[in-house]
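J.: I'd like to ask you about the structure that follows.
Every number here is computed from the coordinates shown, using simple stated rules; none is lab data. These numbers come from a predicted model, not from an experiment. Every residue, glycine among them, receives a Cβ derived from its backbone with ideal geometry; neighbour counts consider all protein chains shown.
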Amino acid sequence: MRQRFFLFCWLLLSGWFSPAALAFHAETIRIDPALKQQSLFPNLYYQQVDPNVGVEDIVFEPARLHAFVPLDQPNQALRSYPEAVWFLARLHYSGQQPGTVVLNYESINADRVEFYLYDRQSHELSLINRSGTEFPFSERMLQARSFAVTLNFKADQELDLLVKVQDGAVIPSNLQLFSAEEFGLQLLQRQISDGLILGILLVMALYNAMLYLNVREPLYCHFSGFFFSFSLMVSILNGAGFAMVWPEYPELNPSVFYVAGGACMLFLTLLTNAIVQNQQRWLLWLNLASSAALLFTPLYAPRSIQLDLLLIVVCQVMLTNLLQAVRYGFSGLPLARTFAIGWLLFFVASAVLLLTEFGYLDHLHLWQWLLVLSVICSMLLMSYSLAQRLQSASIQSAEAHQQTIRSLQQYYDIYHNAVEGLFSTTLDGHLLSANRALLNILGYQELSQMEVDVQKHGMGRYYANPDDRLQMVRQLQHISNQSFELRGLRADGAPFWALMSARLSRNAQGEAFIHGSLVDITEQKVAHEQLAYLASHDPLTGLYNRHHFLVLAQQAWQRRQLEQQTSAVLFIDIDQFKLVNTTCDHAAGDALLKQISDQLKRALGQTGSLARIGGDEFGVLLPGKTAQEAFSIAYSLLDVVKEFRFFWQDSLFSISVSIGLTEITLDDLSAEQTLKKADSACFVAKEKGRNRIHLFNADDQELQKHQSEVQWLQVLRHALEHDKFVLYMQPIQAIQQRDSVAHYELLLRLVGEDETIIAPGNFLSSAERYGLMPQIDRWVLRNYFRWLAQHPQHLTTLGLASINLSGASLVDPLFKAYVQGLLDEYQIPARHICFEITESMAILNLQNTLEFIHHFRGLGCHFSLDDFGSGFSSYGYLKNFPVDFVKIDGNFVRDLLEDKYDRAIVNSIHDVATAMGIQTIAEFVENQDIMLELKRMGVNYAQGYGIAKPRPLADIQS
């Protein structure tokens, strides 16, 4: 790191005194003020480097700057994943007045594109724009589907243009300059052309879907699915989908593309199989499996192989189906040759599309017009083919009709012995027929009994609401088939639920009849109603559950947005609820929740909606209430609970609650956010002593602290799940004698989203508060022991590695076994491990700490008492801990040269430790003067920036 810094300073100084020292010989591109359109080729240079290399490395490091090479052809296609491609062009604007041109990078689906300008005279480097399909569409400087930016030049100015491109597929090199007017004109023409193509494809998809719904011919369904999925692919390739449909969700772009591609290949295979009909089954299933694999690519395939998988599947499916179509074309069957020619045309259009997208052909939209021709040919083929199919279907229908007539006797037996209740009636309600199952459902023994009742009252007497039958008859006159649920009445008046399917038919004389079936679904309906109740209610208290409460809150949030209606939310948490569970049992806790629910519901009345949203947490939605009005209601709830006494067996408990209050505001993004605000306010109420109400205030420092800790909680959980921590080390140096082995302390760092390294002081307090320290300690031990096992040569030079343990880990009954398991699994010699225990944590968990120390000291591990002097500072406790080292708190070491009291404390700690046979380590040793004073005092070891700064563990070579 230091060598790189000196190199950078030398380059900067040499560039200051000799600008030619950093010069890179590149042909200059002259830009005329009257420019309309100009390509940067052949004076465009490129290089492929690691994506982590920054623009400063490219510009200010001569080796990288001179690595640029000229392009070989006008639109050279580059495949560089996972590397990035840098383009460089030297531009000279010859105008005598300031001017502006548009730089357009003709790549629709690049993941990441960054534009920079570098003025070699003033050494000014500026970022123009950073965008790509990894970013929302709104972040582009110009709202174009390609990547375009404006370049502003001063009079007669020369600038270096640098463009960084990252993509998992092919990176084209087509960079062009336009005047603003010319760019707008070409952009409009491109959008019109793309819109025309997409419109044709979508119209064809809709047309075929309507045909399928009309005649139920599967071939129409295959065509509709193919046209829709292909139009989706085209919309992604030309950027229309990203720009117009999901501009704020860039992650959809690659996923939808592979899903659409897989669906396209799937429908294409089904379409070809439906027409050819003699395709080998194994080949059909192979193509279907390959298409399905492509369709689900985003779920399982890493980015590095997705493009290769796409090419393999497309080539396999297209070629195998083309061979089937050609073979079918030579079969001599009617329309076979027409189908083969149409398939061949479509194959050519698709091949041109692939060649264009991979940079082998210019973007002349030739493939689009070939695609239109293939669509037209396919439609003609389909029309002829379906005409033949419909004629064949008509013949088959006549034969089926004859078969139906021959089977009438069999139908009679089936009708009267069916499990479903079957019936036939006239439109005005006269019964024509009914089978035995229907009589059983309605409660009759004989058909004659039912006929008598129908003659008196009509079929409407079996409906709980007689108007339901009139409504059914009206619907059947418009749509001849209907299925619906109804609430009916049996012969004795008992209600029941049934699923009815009815069909209206007419005989040759035009008389209308209703034929239907009836299934008793009373048991299923009751079970469904119970499930629906449980879906919105808490089974213990009978209150609304969290899901339904959020639905109600979301509705209130929408009214706030649309109608400006104010509403408030209360978050109620029972204070010390765990005390009841611990003192009694969980049955007592359940009883308390029920009684508290009754008390709150009775006090609230019809004022708002009450829900149980957590274990001992309740929510109240107060529609139409301001914060001031909600305060009054919250106080009444607080008083009701305060007066309540909970009795359980021989125990009496006084109960209180903490209440967080917030209004639903226009700034809230959702009801979930409003509930989180109320939850945060409730947290502050608890922090201030419980049994109180706190109004949410975004500027509240305690609230901000809570929200910050909650955010860190999410970050830390994500870091544990995805290994976002990194191990550092800081050497510990012997003072009194030379030490030939390594001795260092293991440190933890967090890798941020932008790859920055975050010190533990930012997140450890949150980890301790929310109980994540045992998991973090386990992560450190597991990863360090694994690293040692992978670097056995390091053990030959390792003296001691000090590892910090939290108090939460020491009280964990399973932690000791976990550490023992790691030592056994990775075969780490215990003599190389030193566990550091903080003084205050060790004293608070004295018994557990001593058990842990005695166990691992017996194996050969060492122990160090960390931050001694900062906690209880009692030398009496030191006698109870069989430790090998005492680390003197750095707050006493840092100023010992100026502060005589600090020097006396350090002397005292060292003298007492030495008398007990314990070695001392001084922290925060920041310079050699402190080191010399510590050596004079007799302190054994030193650690601090004056010795060495922390560095990544991975940097250790041995």
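J.: Enumerate the amide H contacts of H862 below 5 Å, restricted to partners 5 or more residues apart or on another chain; note that Pro and chain-start residues carry no placed amide H.
T.: Counting only residues 5 or more places away or on other chains, the set is I833, C834, F835.
J.: If you put +1 on each Lys and Arg Cβ and -1 on each Asp and Glu Cβ, how big is the dipole of the chain around its Cα centre, in Debye rounded to 20?
T.: Dipole magnitude for the chain comes out near 1820 debye.
J.: Below 13 angstrom from the Cβ of V640, what's the summed charge of the other residues (Lys, Arg +1; Asp, Glu -1)? Mind showing how you got there, number by number?
T.: Values: positive: K601, R602, K642, R645; negative: D598, D639, E643.
My count for the surroundings of V640 gives +1.
J.: Here is a further query. For a Förster distance of 51 Å, can you work out the FRET efficiency between the beta-carbons of Q827 and E124, rounded to the nearest 0.05?
T.: Using R0 = 51 Å, I get an efficiency of 0.35.
J.: Still on this structure, I have one more. Between R79 and T914, what is the label-to-label distance in nm when each label sits 7 Å out along the Cα-to-Cβ direction?
T.: Reported label-point gap for R79 and T914 is 7.1 nm.
J.: So, one more: If you stretched the chain out fully between V49 and T796, how much longer would it get, using 0.36 nm times the residue separation minus the C-alpha to C-alpha distance?
T.: Residue separation times 0.36 nm, minus the Cα-Cα distance, leaves 265.2 nm.
J.: Just subtract the alpha-carbon distance of R717 and V326 from 0.36 nm times their residue separation and send over the number in nm, one decimal. All intermediate terms of the calculation are to be shown ahead of the outcome.
T.: On the way: separation 391, 0.36 × 391 = 140.76 nm, distance 5.74 nm.
That pair, R717 and V326, stretches by 135.0 nm at full extension.
J.: Scan (1) 302; (2) 206; (3) 314 for the value of volume of the Cα convex hull per residue in Å³ calculated from this model and give just the label.
T.: So the structure-derived entry is (1).
J.: Something else now. Expressed in nm to one decimal, what extension gain is obtained for the pair A954 and R786 from 0.36 nm per residue of sequence separation less their Cα-Cα distance?
T.: So the extension gain works out to 59.2 nm.
J.: What percent does the relative contact order of the chain come to when contacts are Cα pairs within less than 8 Å and at least six residues apart?
T.: 5 percent
J.: Farthest toward the dipole's positive end in the stretch 560-627, which of G624, L604, A588, given Cβ charges of +1 (Lys, Arg) and -1 (Asp, Glu) about the Cα centre?
T.: G624
J.: So what is the relative contact order for the stretch 24-178, in percent, with contacts set as C-alpha pairs under 8 Å and at least six apart?
T.: 34 percent
J.: Could you tell me what percent of the DSSP beta bridges with both partners in the chain are antiparallel, to the nearest 5?
T.: Antiparallel bridges make up about 80 percent of those DSSP assigns within the chain.
J.: OK, next. Across the stretch 439-450, in residue order, what do the Karplus-derived ³J(HN,Hα) couplings come to in whole Hz, using 6.51 cos²θ - 1.76 cosθ + 1.60 with θ = phi - 60° and x for Gly and Pro?
T.: Whole-Hz 3J(HN,Hα) from phi for the stretch 439-450: 4, 5, 4, 7, x, 10, 8, 10, 5, 4, 5, 5.
J.: For the pair K879 and E27, how long in nm is the line joining their label points, each one 7 Å along Cα→Cβ?
T.: 8.9 nm
J.: When the Karplus curve 6.51 cos²θ - 1.76 cosθ + 1.60 is applied with θ = phi - 60°, which whole-Hz ³J(HN,Hα) does each residue of the stretch 774-782 get, with x for Gly and Pro?
T.: 3J(HN,Hα) across the stretch 774-782, in whole Hz: x, 5, 5, 4, 4, 4, 4, 5, 4.
J.: To continue, here is another question. How would you classify the stretch 66-149 from its alpha-carbon gyration tensor, with a ≥ b ≥ c the square roots of the eigenvalues: rounded for a/c under 1.5, else prolate if a/b is greater than b/c, otherwise oblate?
T.: Judged from the Cα gyration tensor, the stretch 66-149 comes out oblate (a/c at least 1.5, b/c at or above a/b).
J.: Using only alpha carbon pairs under 8 Å that are at least six residues apart, calculate the relative contact order of the stretch 763-851 and give it in whole percent.
T.: 35 percent
J.: Oh, and also: Calculated from DSSP H runs of 4 or more alone, at -39500 (n - 2.57) each and per residue, what is the 222 nm mean residue ellipticity of the chain, nearest 500?
T.: Working: 34 runs with 472 residues, N = 958.
Result for the chain, helices only: -16000 deg cm²/dmol.
J.: Describe numerically, in nm with one decimal, the distance between label points set 7 Å from Cα along Cα→Cβ at E563 and at A627.
T.: 2.3 nm
J.: First check a/c for the stretch 105-197, with a ≥ b ≥ c the square roots of the eigenvalues of its C-alpha gyration tensor; if it is under 1.5, answer rounded, and if not, answer prolate when a/b is larger than b/c or oblate otherwise. It would help to have the intermediate numbers written out before the result.
T.: Values: a/c = 2.28, a/b = 1.42, b/c = 1.60.
Oblate, because a/c is 1.5 or more while a/b does not exceed b/c.
J.: Just how large is the dipole of the stretch 414-527 about the Cα centre, in debye to the nearest 20, putting +1 at every Lys and Arg Cβ and -1 at every Asp and Glu Cβ?
T.: On the way: 10 positive and 12 negative charges, 39 e Å.
Its charge dipole is roughly 180 debye.
J.: So what are the ³J(HN,Hα) numbers for the stretch 125-142, from phi and the Karplus equation (6.51, -1.76, 1.60; θ = phi - 60°), rounded to whole Hz, Gly and Pro as x?
T.: Computed from phi, the couplings for the stretch 125-142 are 10, 9, 8, 7, 7, 10, 8, x, 6, 7, 10, x, 4, 5, 7, 7, 4, 10 Hz.
J.: How would the stretch 149-212 be classified by its alpha-carbon gyration tensor: rounded, prolate or oblate, with rounded meaning a/c under 1.5 and the a/b versus b/c comparison settling the rest?
T.: oblate
J.: Is there a quick way to get the dipole size of the stretch 905-953? I mean about its Cα centre, with the Cβ of Lys and Arg at +1 and of Asp and Glu at -1; what is the value in debye to the nearest 20?
T.: That gives the stretch 905-953 a dipole magnitude of about 180 debye.
J.: For each pair in K676/K816; K900/K935; K578/K724; K642/K688, compute the distance between the two Cα atoms and list the pairs where it is over 26 Å.
T.: K676/K816; K578/K724
J.: For K688 and A292, what is the calculated FRET efficiency with R₀ set at 51 Å and r taken between the beta-carbons, to the nearest 0.05? Don't jump to the answer; show the numbers that get you there.
T.: Values: r = 58 Å, r/R0 = 1.14.
About 0.30, to the nearest 0.05.
J.: Pick out, from A89, L897, L781, the residue whose Cα sits farthest towards the positive end of the charge dipole of the chain, with +1 on the Cβ of Lys and Arg and -1 on the Cβ of Asp and Glu.
T.: Checked the options; the winner is A89.
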